[in-house]
Amino acid sequence: MLVGQVIVNSVIVVSQLLLVSISFYVIYRTLRIFHFAHAGLYAFSPYLLYTFHNILGLNLVGSILGALIGVCLLAYLLNHFIHRHLREKKASTLVHLIASMGAYLIIQNMISIMWGDDTKAIITCTPTTYSLGDAYFTTIHTLIVVISITLTVATVMILKYTKYGMQITAVGENSDLSSNLGIHPERVYTLAFIFSACVAGIAGILIGIDTNLVPTMGFHPLMMAVIIVVVGGVGSIRGVIIATIGIVTIQNVATYFIASQWQDLIAFGVMLLFLIIKPEGVSGKPVQDLKV
């Protein structure tokens, strides 16, 4: 395998996973739950795009906006009718986790019923291919990298330097205390769900355009996001970024020595090593001190 192509592939995959991992991180940072329904939101958005653009014949930009509005609405409904109700009942994080897994299965099966299990393609034409030395990439790959960098920087800035980001940190640490300080936790939860769904929806659309659609397309990115958040440190967005780059680089370099189908095993192995040797992750709170 050519070195240049390995580097280009790593940049593309890092960009793809960063969007999923950061959106997953925002939910965990705020609610302290592993939101498995996030995988359903990731898959639901490109299917909405497929409906608006390929079936109804709307223009691509309008279809993308419609898909993002739809996935944000679904995220709002998930929070309002499931997690908000569970919070009012003082349910444990395990109950939230089980409810989120159930929501994911419902969304996935709903996609299968409405659109079928066969592979769908949003863009049927062959994308323009560019070369950089001995490496090749397409227009959509370039778009993925640019949008990923832009949204990552924007998310970091929002979380670190805005009132909304400070409220997320406060509510994530102690919702009762933040309420006494004048912060409305439910409003923060709603905004976190909508923001993370929008970013995950963008990721799903970009990957859907690049690799086509299947109902289960969100599960693997979700598993990688869980690994990345654990390795990066569940309380640190900087750690999430570093972990994404590190894990993807290790996976792609390893393809020199082992078959590519073992890449997931490598990622899980890295996570287990961190849990044993450095449980706090690259930068963050120790995993054993956190609720899942």
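What follows draws every value from the coordinates through simple rules; no lab data is involved. Here the structure is a predicted model, which means the values were calculated and not measured. Positions of Cβ are generated from backbone atoms using ideal geometry, with glycine treated the same way; all protein chains shown enter the neighbour counts.
Numbers at a glance
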{"item": "Gain on full stretching of the segment that runs from ILE276 to VAL146 - 0.36 nm per residue minus C-alpha separation", "result": "43.3 nm"}
{"item": "Highest-first arrangement of 169-177, 223-231, where packing means the average Cβ count within 10 Å", "result": "223-231, 169-177"}
{"item": "Using a Förster distance of 30 Å, the FRET efficiency for THR139-ILE250 (Cβ separation, nearest 0.05)", "result": "0.60"}
{"item": "Förster-model FRET efficiency, 25 Å R0, SER179 and LEU94, C-beta, rounded to 0.05", "result": "0.60"}
{"item": "Label-point gap, in nm, between VAL6 and PHE268 - each point 7 angstrom along Cα→Cβ", "result": "2.4 nm"}
{"item": "Sites ARG187 and LEU105, calculated FRET efficiency, Cβ-Cβ separation with R0 30 Å, nearest 0.05", "result": "0.55"}
{"item": "Label point at SER283 placed 7 Å out along Cα→Cβ; residues across the stretch 141-167 whose backbone nitrogen lies under 12 Å", "result": "none"}
{"item": "Options [x] 51; [y] 44; [z] 13 - which one matches percent of Cα pairs over 37 Å apart as calculated here", "result": "[z]"}
{"item": "The stretch 126-211: C-alpha gyration tensor shape, a/c 1.5 cut-off, then a/b vs b/c", "result": "prolate"}
{"item": "Theoretical gain in end-to-end length, ASN59 to ILE158 [0.36 nm per residue, Cα-Cα removed]", "result": "32.6 nm"}
{"item": "Mean Cβ count within 10 Å, highest first, over the residues of peptides 120-126, 200-206", "result": "200-206, 120-126"}
